[in-house]
């Protein structure tokens with residue numbers, strides 16, 4: 001979860017620090033089959049749109065299902081937005097691309113998406129989303145069909161995201177553990193839920209996104225978090241990571257309150273925020289994070305609570321009650337802070353109470 005503190009809302013605000021967080025590409029999608037592609041300019045608008053949604057299914061079928069509850073046009077915008085950012089993420093993730101080539105691609109990606117016909121065929125053969133970039137001209141063509149306001153939103157997100165990725169790559173070259181400070185973590189690691197739940201998988205792929213400023217308070221070497229003898233230390237470390245993620249919840253509620261008169265956009269964002277929060281709740285003090293893949297089965301219930309702010313706040317209140325119940329008083333570093341944040345979020349019952357919640361946010365800490 002990641003929302004910046006904005007006192008007013010407009011399209012630029014929405015792209016630069018808010019939508020980016022929840023449309024940031026997720027891990028775990030299935031591997032697409034490489035096929036012979038037809039250039040976008042040889043496809044009819046109907047066939048081009050159809051192919052874009054086939055690519056969406058290949059890249060992230062779970063996300064495609066989640067946004068399928070939106071109306072047709074909102075669904076299409078959400079899918080294209082997702083794939084544009086996923087394309088950039090695919091370049092960033094591919095370790096076969098030399099840094100000297102990767103950095104300018106990332107920094108200029110917000111301009112590349114305006115170039116009709118642009119594709120990328122230089123991903124390694126094992127990069128699971130390479131087909132998306134092979135047919136990226138289709139995604140660009142769909143993007144260019146959007147209104148100027150929507151294009152600006154997406155381009156702003158791509159600019160911030162691309163520069164953040166490039167900066168992070170340069171930081172990673174200097175640090176054994178990729179992320180050192182909490183400030184670096186907040187700046188470069190937008191999709192905090194994935195970073196938390198995928199700790200074990202990332203570690204075995206030589207990636208450590210949990211900031212050493214947090215885990216070093218509990219263990220000397222990050223690998224010690226996965227040793228059974230250190231279970232309590234690992235869970236307390238995870239609590240500290242959860243506290244960092246929870247520090248963005250009230251910002252999320254504030255932002256959603258400003259979208260309450262735009263039901264389509266509200267539902268797009270609420271779906272993402274609610275899913276993240278519910279998953280975060282499910283993995284809180286759950287040692288499975290350190291021993292196996294963790295899944296969440298309650299998405300259908302979450303989706304049903306995303307139609308308006310009142311229902312959404314009730315869902316948040318339910319989540320914080322679960323977190324407070326599992327919060328361990330023996331964790332002297334994070335227990336009281338997590339309890340305070342949960343009480344603050346739990347005080348919001350709907351539109352009337354949300355601004356009271358925002359006004360007393362002084363207990364929020366990272």
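Quick notes
- Meets criteria (surrounded by 21 or more Cβ atoms within 10 Å (Cβ to Cβ), farther than 27 Å from residue 306 by Cβ and outside the structural domain of residue 322 (by TED's automatic domain parsing)) for residue 168: no
- Filter pass, residue 110 being within 27 Å of residue 279 (Cα to Cα) and either in contact (Cβ under 8 Å) with a residue 24 or more places away in the chain or in contact with a helix residue (DSSP H, G or I) (Cβ under 9 Å, 6 or more places away or on another chain) (or both): no
- Hey, residue 182 surrounded by fewer than 20 Cβ atoms within 10 Å (Cβ to Cβ) and either under 15 Å from the mean Cα position of the chain (by Cα) or closer than 24 Å to residue 277 by Cβ (or both) or not: yes
- Condition check for residue 230: closer than 23 Å to residue 182 by Cα, part of a helix (DSSP H, G or I), out of contact with any helix residue (DSSP H, G or I) (no Cβ under 7 Å at 6 or more places or on another chain) and modelled with pLDDT of 80 or more: no
- Test result for residue 203, out of contact with any helix residue (DSSP H, G or I) (no Cβ under 6 Å at 6 or more places or on another chain) and not in a helix (DSSP H, G or I): no
- Those residues of the range 308-332 which are out of contact with any helix residue (DSSP H, G or I) (no Cβ under 6 Å at 6 or more places or on another chain) and either under 16 Å from residue 245 (Cβ atoms) or part of a loop (DSSP other than H, G, I, E, B) (or both), in sequence order: 308, 326, 328, 330, 332
- The set of residues from the range 269-302 being surrounded by 20 or more Cβ atoms within 10 Å (Cβ to Cβ), farther than 23 Å from residue 328 by Cβ and more than 16 Å from the chain's Cα centre (by Cα) comprises just one member, 302.
- Those residues of the range 55-72 which are loosely packed, with under 14 Cβ neighbours inside 10 Å and in a helix (DSSP H, G or I), in sequence order: 61, 62, 65, 72
- Evaluation of residue 41 against the conditions (1) surrounded by 12 or more Cβ atoms within 10 Å (Cβ to Cβ); (2) in contact with a helix residue (DSSP H, G or I) (Cβ under 9 Å, 6 or more places away or on another chain); (3) assigned to a helix (DSSP H, G or I) shows that the sole unmet condition is (1).
- Some residue of the range 117-124 being in a helix (DSSP H, G or I), surrounded by 17 or more Cβ atoms within 10 Å (Cβ to Cβ) and not assigned by TED's automatic domain parsing to the domain that holds residue 284: no
- Some residue of the range 129-148 being under 13 Å from residue 88 (Cβ atoms), in a helix (DSSP H, G or I) and more than 21 Å from the chain's Cα centre (by Cα): yes
- The range 279-307, residues that are touching a residue at least 60 places away in the same chain (Cβ under 8 Å), within 21 Å of residue 198 (Cα to Cα) and either part of a helix (DSSP H, G or I) or touching a strand residue (DSSP E or B) at 6+ places or on another chain (Cβ under 9 Å) (or both): 279, 280, 283, 289, 290, 299
- Unmet criterion (only one of (1) under 19 Å from the mean Cα position of the chain (by Cα); (2) touching a residue at least 60 places away in the same chain (Cβ under 8 Å)) for residue 163: (2)
The values are calculated or read from the model by the stated rules, or taken from the named source; none is laboratory data. Predicted model, so just to flag it, every value in this text is computed and none were measured. Using ideal geometry, Cβ is built from the backbone for each residue, glycine included, and neighbour counts are taken over all protein chains shown.
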